[in-house]
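Here the structure comes first, spelled out in structure tokens, and everything after it is commentary.
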């Protein structure tokens, strides 16, 4: 499954904050790239229980997240 997550990155004291208001998650990093990478990991951890419970697609629809089924690809997160 491929997800397209809307996000923004803003400077904060001591680094950067990447957040997705769409999913209500955020992560910090010492530079923009690290903040984005940390956000991707945070999203993976946030979605793992939903995937295990079999309610991932339903919850993504509720959040307004765009996703696409791709055979055998696992979970691919694209930040836009």
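Since every read-out is calculated from the coordinates, none of them should be taken as a lab result. Note that the structure is predicted; figures quoted are calculated from it, not measured. Every residue, glycine among them, receives a Cβ derived from its backbone with ideal geometry; neighbour counts consider all protein chains shown.
Here are a few things to note about the model shown:
- When residues in region 54-68 are screened for being touching a strand residue (DSSP E or B) at 6+ places or on another chain (Cβ under 8 Å) and not in a strand (DSSP E or B), 3 of them pass.
- Residues satisfying the stated conditions in region 16-53, i.e. surrounded by 15 or more Cβ atoms within 10 Å (Cβ to Cβ), more than 11 Å from the chain's Cα centre (by Cα) and not in a helix (DSSP H, G or I): 16, 17, 28, 29
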